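The values are calculated or read from the model by the stated rules, or taken from the named source; none is laboratory data. Note that the structure is predicted; figures quoted are calculated from it, not measured. All Cβ positions, even for glycine, are placed from backbone atoms using ideal geometry, and neighbour counts span all protein chains on display. With ligands, DNA and RNA removed, areas are computed over all heavy atoms of the protein, side chains included. Shrake-Rupley method; radii C 1.70, N 1.55, O 1.52, S 1.80 Å.
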Amino acid sequence: GVVAALSVHLQPDRAATVPRADHPEQMYIDIGARSEAEARAAGVDLLDPITLEKSFTDLGKGRVSAPWISGRAGAEALVELALLMRQTPPAGTVTLGFVSQQYNGNAGLARVLARVQADRMVWLKPGGGVKPAVAPVADRAPQMADQIAALAAKSKLDLDRDSAARLDVPAFASEEIWKQPERAASLTLGVENAGTPVEVLSSLSPIFRLLEDLAGIQVAGGEGGSIGKGAFERPVLEQLIEVSGVSGHEAPVRQLIQTLLPEWARRVSRVDDKGNLIVAVGEKPERLFLAHMDELGFEVTEVESNGKLWATSHGGGTVDFFEWHAGMVHTDSRSLPAILLASQGGGLSQRVEVDIGATSQQEAVAMGAWIGSTVTVRKKLRPLLGTRVSARSLDDRAGCAALVELLRSLRPDEIKRPAWFVFTVDEETGLHGAEFLAESVHPKEVYPLDTFVSSDSPLENHRFADARLGDGFVIRAIDSSGMTPREAVMRVAELARRHNIPVQYGVTSGANDGSKFVAGGAVNIPLGWPLRYSHSPAEVADLADVEALGKILSVLATEP
């Protein structure tokens, strides 16, 4: 599932209307269901738990990030101790407790404390500050915390001293769960961005050594394995989603598309001076089919002395939607794992802080990150219920995939009228790729393939842009960049009905590449599929609609 977001194009005052995903009245989880019955048939019921999808980011130099990783790291420390105690039993009894219900009044910890009497107890507490820290569990009982601090000093581990660690307990429970507080202390592991989906931990080796001393055993690390991928061709859309191509930096997308084209299409293709990829059937096209390769993202505008990057939105969007996500910084030579932190500023000057693991400006530059590098959230195609999927950059990789699949399904002799199939650049920043092409190419009809930003969401007003997911492809009759003649809309709709292709038509916001060809005499007929939560990290579409788009494209490309 995904958390529903406002579609950027449908919000005139979007900065003031961003819903809070932590507010129970504003948070909706979209699993792709069309009805309550379909959701329940999938097994969903009241009391089912919801979590963030976990992603692990290795920032280098021992720094790693994942949602709320500090809790899992405490568990890892105990697992390491368990493995070593099996090999080297400690003197005395050591009890390891993996406790439950931390966020429900610490019920698991209370249960352990009620049943286990110990001479010393260390509570590996999630969260905390950037440096490892030790704290008493009661204001006037620092003895155990003092012992741990002294032991750490011997090992040259620099521990901060915190004030007494407070426990969350249920409203009607006794807070006196520490029977002997002077024998207990809390230990935090040292975490950046505590309490967020992008917590960062540094090497745990010093903490392991401390626990080794406390338990009377030695701790050693180990290496994990990896799972290989099979050698099969993945779906075109899935491949296109995973490659980055922020506006002005579309080369990786273009190169992938070139490898996906059939041999005949590669032979007649070329790249123009702007970077558009053109597959030309005929010298002067009567029909032009367009899909844009670029995507919304960020560009690095500043590298600070501490190695952190600042990046501004490139292509429009609500920066708040992208805070606290795992991401990638794309340099000239490679892509660097990164995490996106808090945003700053407002309007066009809003920017987001990015951490790539560098500790200085010189190190960041040596890694390849500099002004002009692009930033995206980490992307993959996620299946929802039925034929629904979610991903960042469905706009417009779904259009590119439809165009690639069309060319793979056709022979050149099946295309009855001269037609060009074009993958454009710089759409999100002002339709610049299409504008460049329109200076020299003047087709009779142009079919831009792009999203129909839909209000089919519980967060939107359904009086406008109400094209339903799963009800077919959409003819984008009117949008912010122009109007399609009604007779052209009805002609395509009738073609679809004649071929039993589900079709919708309507009005939405946003611009399309085809509008740049109208001044040259073309009839612009934008085609697309309904998209929820446009320009967010979790756009949602129905593959059945994209399939319907592919079918109407085949009809249009081959009709006499």
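A few comments on the model shown:
- Screening LEU47 against (1) on the phi > 0 side of the Ramachandran plot; (2) surrounded by 16 or more Cβ atoms within 10 Å (Cβ to Cβ); (3) more than 21 Å from the chain's Cα centre (by Cα) leaves a single unmet condition, (2).
- Among the residues of region 1-25, those identified as in a loop (DSSP other than H, G, I, E, B) and at pLDDT 75 or above are GLY1, ALA4, ALA5, LEU6, SER7.
- Boolean, GLU439 is surrounded by fewer than 24 Cβ atoms within 10 Å (Cβ to Cβ) and within 22 Å of PHE421 (Cα to Cα): yes
- Only residues that are closer than 23 Å to GLY71 by Cβ and open to solvent by 30 Å² or more (accessible area, probe 1.4 Å) were counted across region 124-152, and they come to 7.
- Across region 35-56, the number of residues qualifying as of a type in the set (Ser, Thr, Tyr) and at pLDDT 90 or above comes to 1.
- Some residue of region 172-189 being over 30 Å from THR359 (Cβ atoms), in a loop (DSSP other than H, G, I, E, B), touching a residue at least 24 places away in the same chain (Cβ under 8 Å) and touching a Lys or Arg at 6+ places or on another chain (Cβ under 7 Å): no
- Residue match in region 388-398 (condition: within 27 Å of ARG40 (Cα to Cα) and among the small types (Gly, Ala, Ser)): yes
- Contacts under 6 angstrom Cβ, first residue in region 193-219 being assigned to a helix (DSSP H, G or I), partner open to solvent by 40 Å² or more (accessible area, probe 1.4 Å) and at pLDDT 85 or above, 6 or more apart: ASP213/LEU151; ALA215/VAL94
- Of all residue pairs spaced 6 or more apart or on separate chains, none has beta-carbon atoms under 6 Å together with a first member in region 461-484 that is closer than 20 Å to ARG497 by Cβ and in contact (Cβ under 8 Å) with a residue 60 or more places away in the chain and a second member that is assigned to a loop (DSSP other than H, G, I, E, B) and open to solvent by 80 Å² or more (accessible area, probe 1.4 Å).
- Among the residues listed as ALA107, ALA39, ALA33, the single one being touching a residue at least 40 places away in the same chain (Cβ under 8 Å), open to solvent by less than 70 Å² (accessible area, probe 1.4 Å), among the aliphatic types (A, V, I, L, M) and in contact with a strand residue (DSSP E or B) (Cβ under 9 Å, 6 or more places away or on another chain): ALA33
- Residues being open to solvent by 30 Å² or more (accessible area, probe 1.4 Å), under 12 Å from PRO448 (Cβ atoms) and touching an Asp or Glu at 6+ places or on another chain (Cβ under 7 Å) - total across region 499-522: 2
- Some residue of region 393-409 being surrounded by fewer than 16 Cβ atoms within 10 Å (Cβ to Cβ) and without any contact (Cβ under 8 Å) to a residue 12 or more places away in the chain: no
- Restricting attention to region 524-560 and to residues that are among the polar types (S, T, N, Q) and either modelled with pLDDT of 95 or more or in a helix (DSSP H, G or I) (or both), the residue that is surrounded by the fewest Cβ atoms within 10 Å (Cβ to Cβ) turns out to be THR558.
- Long-range neighbours under 7 Å by Cβ, at least six apart or interchain, first residue closer than 17 Å to HIS432 by Cα within region 513-533, second part of a helix (DSSP H, G or I) and open to solvent by 10 Å² or more (accessible area, probe 1.4 Å): LYS516/GLU435; LYS516/ALA438; PHE517/ALA438; GLY520/ALA438; ASN524/SER515; ASN524/VAL518
- Matching residues in region 348-385 - criterion: being more than 25 Å from ARG532 (Cβ to Cβ), in contact with a helix residue (DSSP H, G or I) (Cβ under 9 Å, 6 or more places away or on another chain) and outside any loop (DSSP other than H, G, I, E, B): ARG351
- Only one of the numbered conditions (1) loosely packed, with under 12 Cβ neighbours inside 10 Å; (2) at pLDDT 80 or above; (3) within 25 Å of ASN104 (Cα to Cα) is violated by LEU187, and that is (1).
- Listed here are the strands (runs of 3 or more DSSP E) enclosed by region 427-519 that have at least 3 residues being in contact with a strand residue (DSSP E or B) (Cβ under 8 Å, 6 or more places away or on another chain) and either of a type in the set (D, E, K, R) or within 30 Å of GLY282 (Cα to Cα) (or both): 445-448, 473-479.
- Test: residue in region 267-276 that is in contact with a Lys or Arg (Cβ under 8 Å, 6 or more places away or on another chain), under 30 Å from VAL518 (Cβ atoms) and of a type outside the set (S, T, N, Q): yes
- Long-range neighbours under 7 Å by Cβ, at least six apart or interchain, first residue within 15 Å of SER203 (Cβ to Cβ) within region 43-62, second of a type in the set (Asp, Glu): LEU59/ASP355
- Hits in region 321-335 - residues which are part of a strand (DSSP E or B) and out of contact with any His (no Cβ under 8 Å at 6 or more places or on another chain): HIS325, ALA326, GLY327, MET328, VAL329, SER335
- Boolean, VAL99 is open to solvent by 60 Å² or more (accessible area, probe 1.4 Å), out of contact with any Phe, Trp or Tyr (no Cβ under 7 Å at 6 or more places or on another chain) and in a helix (DSSP H, G or I): no
- Test for ARG334: is it within 30 Å of GLU547 (Cα to Cα) and in contact (Cβ under 8 Å) with a residue 12 or more places away in the chain: no
- Contact map, region 420-431: first residue within 13 Å of CYS400 (Cβ to Cβ) and open to solvent by less than 10 Å² (accessible area, probe 1.4 Å), second residue among the small types (Gly, Ala, Ser) and not in a loop (DSSP other than H, G, I, E, B), Cβ cut-off under 6 Å, separation 6 or more or different chains; pairs are PHE423/ALA291; THR424/GLY433; THR424/ALA434; VAL425/GLY433.
- The residue list PRO485, PRO458 contains one member that is under 25 Å from the mean Cα position of the chain (by Cα) and surrounded by fewer than 17 Cβ atoms within 10 Å (Cβ to Cβ), which is PRO458.
- Residue list for region 206-234, restricted to those being of a type outside the set (Phe, Trp, Tyr) and either modelled with pLDDT of 80 or more or open to solvent by less than 30 Å² (accessible area, probe 1.4 Å) (or both): PRO206, ILE207, ARG209, LEU210, LEU211, GLU212, ASP213, LEU214, ALA215, ILE217
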